[in-house]
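Notes follow the structure.
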Amino acid sequence: MHFTKQQINELEQRFRTHLINSLSGFKSANLIGTQDKLGNTNLAIVSSVFHLGAHPPLVGMIMRPHSVPRHTFENILETGVYTINQVNSEIYQQAHQTSARYDKDESEFAATGLTTEYLADFYAPFVAQSRLKYAVKLVEHQHLAINGTELVIGEIIDLHVDDNAVQDDGFIDLASINTVAVSGLDSYHTTQALSRLPYAKKTP
């Protein structure tokens with residue numbers, strides 16, 4: 001099957017959305033926890049979180065255009081902090097439900113049955129059911145003019161992960177904590193490791 005640029009542009013909108021969103025393959029499924037200055041909590045599933053650097057520990061994510069109210073993005077700009085909570089196989093259906101359009105005074109935590117958890121005096125809420133979660137401080141934000149999306153860059157300042165998931169060399173075994181991946185907009189997958197390979201060097 002072959003699609004030219006013109007054919008892609010002429011595809012029915014929903015078909016095109018599913019097609020293009022599937023191209024990037026498996027992505028991490030994360031719940032972004034925020035709270036505004038009045039204490040209203042918000043939770044949103046995001047599949048665009050990516051590693052940006054380890055020294056200092058930086059993580060980025062792309063947020064949809066701010067053409068309509070985006071409570072997560074607004075709370076991040078307002079308070080400067082948020083949490084990233086990886087989704088596991090026990091909560092993926094509740095996590096997906098957070099993508100519904102709730103009003104600002106409706107907490108996705110309450111609507112989905114997920115539990116707020118406040119750790120180490122951090123202002124933004126964590127998801128108690130997540131087995132890998134970290135506190136993030138906003139360090140940079142850029143508006144991407146090409147499509148109106150927002151690039152959010154944060155520094156990881158606190159990390160909470162199941163003891164059994166961290167191996168001796170620091171590697172986190174995501175499969176051991178039932179972390180799920182997402183493809184497209186709505187397809188969730190469990191993972192199975194093939195192997196860890198040694199550091200690649202040029203052969204003589």
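The values are calculated or read from the model by the stated rules, or taken from the named source; none is laboratory data. Note that the structure is predicted; figures quoted are calculated from it, not measured. With ideal geometry, Cβ positions are generated from the backbone for all residues, glycine too; neighbour counts draw on all protein chains shown. Surface areas here come from the heavy atoms of the whole protein model, side chains and all, with no ligands, DNA or RNA. Shrake-Rupley method; radii C 1.70, N 1.55, O 1.52, S 1.80 Å.
Quick grid of which residues meet (1) of a type in the set (A, V, I, L, M); (2) closer than 22 Å to Thr79 by Cα; (3) part of a loop (DSSP other than H, G, I, E, B):
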site: His141; (1), (2), (3): no, yes, no
site: Ala145; (1), (2), (3): yes, no, yes
site: Gln192; (1), (2), (3): no, no, yes
site: Ser195; (1), (2), (3): no, no, yes
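In the stretch 160-197, what count of residues is obtained for those that are acidic (Asp, Glu), open to solvent by 70 Å² or more (accessible area, probe 1.4 Å) and under 28 Å from Asn21 (Cα atoms)?
Total meeting the criteria: 1.
Those residues that are more than 21 Å from Val127 (Cβ to Cβ) and free of Cβ contacts under 8 Å to residues at least 40 places away in the same chain, I need them from the stretch 161-186; list them, please.
Here is the first cut: in the stretch 161-186, the ones more than 21 Å from Val127 (Cβ to Cβ) are 167-171, 183-184.
Gln167, Asp168, Asp169, Gly170, Phe171 - these are the residues of the stretch 161-186 that are more than 21 Å from Val127 (Cβ to Cβ) and free of Cβ contacts under 8 Å to residues at least 40 places away in the same chain.
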- Could you please let me know if Ala111 is in contact with an Asp or Glu (Cβ under 7 Å, 6 or more places away or on another chain), modelled with pLDDT of 95 or more and among the aliphatic types (A, V, I, L, M)? no
- Query: In the stretch 142-183, what residues are within 20 Å of Gln35 (Cβ to Cβ) and in contact with a Phe, Trp or Tyr (Cβ under 9 Å, 6 or more places away or on another chain)?
  - Reply: Glu150, Val152, Gly154, Ile156, Ile157, Asp158, Leu159, His160
- Task: Tally the residues that are assigned to a loop (DSSP other than H, G, I, E, B) and either of a type in the set (Val, Ile, Thr) or open to solvent by 40 Å² or more (accessible area, probe 1.4 Å) (or both), restricting the search to the stretch 111-127.
- Result: 6
- Query: Could you list, in sequence order, the residues of the stretch 161-185 that are among the small types (Gly, Ala, Ser), modelled with pLDDT of 95 or more and part of a loop (DSSP other than H, G, I, E, B)?
  - Reply: Gly170
- Message: Looking at the structure I just gave you, is Ile91 open to solvent by less than 40 Å² (accessible area, probe 1.4 Å), within 15 Å of the chain's Cα centre (by Cα) and under 22 Å from Asp121 (Cβ atoms)?
- Response: no
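So, restricting to helices (runs of 4 or more DSSP H) that lie completely within the stretch 3-80, which ones have at least 3 residues that are surrounded by 11 or more Cβ atoms within 10 Å (Cβ to Cβ)?
13-22, 71-79
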- Confirm whether Asp103 is assigned to a strand (DSSP E or B), open to solvent by 30 Å² or more (accessible area, probe 1.4 Å), more than 21 Å from Ser48 (Cβ to Cβ) and of a type outside the set (Phe, Trp, Tyr). no
- Only unsatisfied item for Ile157, checking (1) touching a strand residue (DSSP E or B) at 6+ places or on another chain (Cβ under 7 Å); (2) surrounded by fewer than 17 Cβ atoms within 10 Å (Cβ to Cβ); (3) under 25 Å from Leu185 (Cα atoms), is (3)
- Can you tell me which residue in the stretch 128-139 is nearest to Ala29 (Cα to Cα), limited to those that are assigned to a strand (DSSP E or B) and of a type in the set (D, E, K, R)? Lys133
